[in-house]
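Worksheet: the structure to be examined is printed underneath.
Please treat every number below as a calculation from the coordinates, not as lab data. These numbers come from a predicted model, not from an experiment. Note that each Cβ is placed from the backbone with ideal geometry, even for glycine, and that neighbours are counted across all protein chains shown.
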Amino acid sequence: MKKIATSILLACCSAFASADDTEFASAPAGSFTIAVIPDTQAYRGRNTKAEPDSDKAVRNEVFQTITDWIAKNREQQNIVFVSHVGDIVDKNVPEQWDVARQCMDRIHGVIPYGLTVGNHDMRASGDSSLFQTYFPESRFKNFDWYGGTFQPDRPEPTVSGDNANSYQTFQAQNLDFLFLHLECNAPDDVLEWANELIGKHPMHRIVVTTHMDLGPIQRPKSNQGYIDDPKGRMEWSKCHTKRGNSPVQTWKKCFKRHPNLFLICSGDQSRTQAMHITATGDHGNVVHSCLSDYGSDGSVRLYRFVPQENRVDAITYNTKQNDLTRKTKLVPDEQHHQFSFDYSMQ
């Protein structure tokens, strides 16, 4: 499942490239696409990590290019939903959140979407108040596809509150989906809410986006360790102090328990960039975990669902270069960026 045969891979890629290989061909009839935006930390300008001494206004050309491409290609690619894997900002400051909202405004009210809160989008304590200010529940609640959000029963509502954990529902080709967005290292009460929510939707196909999932299994002891150490589902966490759940704990406490959960999307690990692993849930269902974090590369991950063939094509497209992402410096193997997996949609 992790890799596919070269002939299938080439067929998958050619289905997306037009004659001049600068744009995708139109989506095949009967197919639909979910777009997943990787971490968007490529901010430039005043007081940013990249340009700390600049006197220019804060901007994020990579983020804008990605959302512009999604909006432009919505109909041609039949993009029915957009998810952001988190680390929406690089520094948790209003100037960057202003830019992030402007970038997401490009698709707001045009395509259903959800956002995941990454470790850069909150304080280590789990306080995501700035995210909640710029992307609150009130921004979405009038859309019929917006399902709702976790409401914490504890004294500090800035932790896990408002829209920090949310879900959306949509239908494509007569298939019902529930898309769950969980903050980085979601605590137990959030996972209990997620378990109850999924349990109430047994006929929906469940996709989850959570910021941390795949990467170095153990916390690296050096910068080189982020590249060289063994990779898989991570056993460490960054947020919510002792209350936060690692990806392995989240898998055991929530994800593996549900027969209709089949796809987990994540980011967080720019030095891993792309991974695809499978695991079997408690009910024998195959769950695909897919990492995509391309930094300032400009790539976006597209999951093309082909119901007639019970197949999902995972396509990575570079919106800056207008071409398929076939390899990167850290991940030169094309099959980490372009692959397919079987998924029954009949």
Filter result (surrounded by 22 or more Cβ atoms within 10 Å (Cβ to Cβ) and touching a strand residue (DSSP E or B) at 6+ places or on another chain (Cβ under 9 Å)) within region 234-257:
234, 240, 247, 250, 254, 255
Region 66-114, residues that are out of contact with any helix residue (DSSP H, G or I) (no Cβ under 9 Å at 6 or more places or on another chain), surrounded by fewer than 24 Cβ atoms within 10 Å (Cβ to Cβ), not basic (Lys, Arg) and not in a strand (DSSP E or B)
69, 70, 71, 73, 75, 76, 78, 95, 109, 112
Taking region 106-145 and keeping residues among the hydroxyl-bearing types (Ser, Thr, Tyr) and closer than 23 Å to residue 69 by Cα leaves 113, 116, 134
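In the set 36, 89, which member is out of contact with any Asp or Glu (no Cβ under 8 Å at 6 or more places or on another chain) and under 22 Å from residue 164 (Cβ atoms)? Explain how you work it out, then say what you get.
Details: 89 fails: out of contact with any Asp or Glu (no Cβ under 8 Å at 6 or more places or on another chain).
None of the other options fit; the residue is 36.
Results for (1) over 30 Å from residue 25 (Cβ atoms); (2) among the aromatic types (Phe, Trp, Tyr); (3) touching a Ser or Thr at 6+ places or on another chain (Cβ under 9 Å), shown as yes or no for each residue.
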| site | (1), (2), (3) |
| --- | --- |
| 221 | yes, no, no |
| 233 | yes, no, yes |
| 249 | yes, no, yes |
| 252 | yes, no, no |
| 279 | yes, no, yes |
| 289 | no, no, yes |
| 307 | no, no, yes |
With the checklist (1) part of a helix (DSSP H, G or I); (2) closer than 30 Å to residue 32 by Cα in hand, flag the one item residue 130 doesn't pass.
(2)
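Answer with yes or no whether residue 302 is buried (at least 20 other Cβ atoms within 10 Å of the Cβ), touching a helix residue (DSSP H, G or I) at 6+ places or on another chain (Cβ under 7 Å) and in contact (Cβ under 8 Å) with a residue 24 or more places away in the chain. Let's see the steps before the verdict.
Values: buried (at least 20 other Cβ atoms within 10 Å of the Cβ): yes; touching a helix residue (DSSP H, G or I) at 6+ places or on another chain (Cβ under 7 Å): no; in contact (Cβ under 8 Å) with a residue 24 or more places away in the chain: yes.
Spelling it out, it is not the case that residue 302 is buried (at least 20 other Cβ atoms within 10 Å of the Cβ), touching a helix residue (DSSP H, G or I) at 6+ places or on another chain (Cβ under 7 Å) and in contact (Cβ under 8 Å) with a residue 24 or more places away in the chain.
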By residue number, the members of region 54-65 that are of a type in the set (S, T, N, Q) and either closer than 23 Å to residue 184 by Cβ or in a helix (DSSP H, G or I) (or both) are 60, 64, 65
